[in-house]
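**Q** This is the structure I have questions about; it appears just below.
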Amino acid sequence: MLSVMRRQMFIDGNKRIAIFAIKIMIENGCGIITIAQENQETFYEKLIRYYETGDMLDLKQWIYDYCIDGIDLNNKTREES
């Protein structure tokens, strides 16, 4: 997902890519990515650093640590079956 964001593959399609990525995350029980208002400045700083250097490790870890919310829907579905 970060690679697609960096490449900006579509002139007007980045919102569509984001919606598609969220759909895949939810379908696979991975939750969703949300950037809380108090974390937006840090997110933009890390995002800019990633865009400038191509090194996504710091941004990726920060997203995992602070921005992924949700439950594993696949486990819930299996338990109910």
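**Q** Yes or no: Arg49 charged (D, E, K, R), on the phi < 0 side of the Ramachandran plot and modelled with pLDDT of 80 or more? Give the derivation first.
**A** Working: charged (D, E, K, R): yes; on the phi < 0 side of the Ramachandran plot: yes; modelled with pLDDT of 80 or more: yes.
It is true that Arg49 is charged (D, E, K, R), on the phi < 0 side of the Ramachandran plot and modelled with pLDDT of 80 or more.
**Q** Among the residues of the stretch 51-71, what is the count of those that are hydrophobic (A, V, I, L, M, F, W, C) and closer than 19 Å to Ile17 by Cβ? Talk me through it step by step, then tell me what you get.
**A** Within the stretch 51-71, the first condition is being hydrophobic (A, V, I, L, M, F, W, C), and the residues that meet it are 56-57, 59, 62-63, 67-68, 71.
Adding the requirement that they be closer than 19 Å to Ile17 by Cβ leaves 56, 59, 63, 67-68.
Qualifying residue count for the region: 5.
**Q** Further, regarding this structure: Please specify each residue of the stretch 21-41 satisfying the condition of being loosely packed, with under 14 Cβ neighbours inside 10 Å, over 13 Å from the mean Cα position of the chain (by Cα) and assigned to a helix (DSSP H, G or I).
**A** Glu27, Gln37, Glu38, Gln40, Glu41
**Q** Please tell me if Ile48 is assigned to a helix (DSSP H, G or I) and either touching a Cys at 6+ places or on another chain (Cβ under 9 Å) or closer than 19 Å to Ala18 by Cβ (or both). Outline the logic, then answer.
**A** Numbers: assigned to a helix (DSSP H, G or I): yes; either touching a Cys at 6+ places or on another chain (Cβ under 9 Å) or closer than 19 Å to Ala18 by Cβ (or both): yes.
Spelling it out, Ile48 is indeed assigned to a helix (DSSP H, G or I) and either touching a Cys at 6+ places or on another chain (Cβ under 9 Å) or closer than 19 Å to Ala18 by Cβ (or both).
**Q** Please state which of the following conditions Tyr64 fails to meet, knowing it meets all the rest: (1) modelled with pLDDT under 90; (2) among the hydroxyl-bearing types (Ser, Thr, Tyr); (3) surrounded by 11 or more Cβ atoms within 10 Å (Cβ to Cβ).
**A** With respect to (1) modelled with pLDDT under 90; (2) among the hydroxyl-bearing types (Ser, Thr, Tyr); (3) surrounded by 11 or more Cβ atoms within 10 Å (Cβ to Cβ), Tyr64 is out only on (3).
The values are calculated or read from the model by the stated rules, or taken from the named source; none is laboratory data. These figures come from a predicted structure and were not determined experimentally. Positions of Cβ are backbone-derived with ideal geometry, glycine not excepted, and every protein chain shown enters the neighbour counts.
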